[in-house]
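*Asks:* Structure in structure tokens, see below.
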Amino acid sequence: MAKVLSKDGQKNLIGSQFVALRKHFSLSQRDLADKLQLAVYNFDKNVITRIENYQRFCD
């Protein structure tokens, strides 16, 4: 399956939206990771950092 890049070649399209939502709910990256893990999603702080910095593909 081909990976979709943004028009400027970034690896995901949601990084800025991810940051905005996390900040809207006043969550740190660690807090968000903890909540996602409790909801049975395999995310840790490093995954969230890479998404927010456009270093991880998100489909």
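No lab work stands behind these numbers, since they all come straight from the coordinates. Predicted, not measured: the structure shown is a model, and the values here were computed from it. Virtual Cβ from ideal backbone geometry, glycine too; neighbours counted across all protein chains shown.
*Asks:* Can you compute the FRET efficiency between D44 and S16 using 1/(1 + (r/R0)^6), with r the Cβ-Cβ distance and R0 = 22 Å? Round to the nearest 0.05.
*Replies:* Using R0 = 22 Å, I get an efficiency of 0.60.
*Asks:* Another one. What's the exposure ranking of K11, K35, going from fewest to most Cβ atoms within 10 Å?
*Replies:* K35, K11
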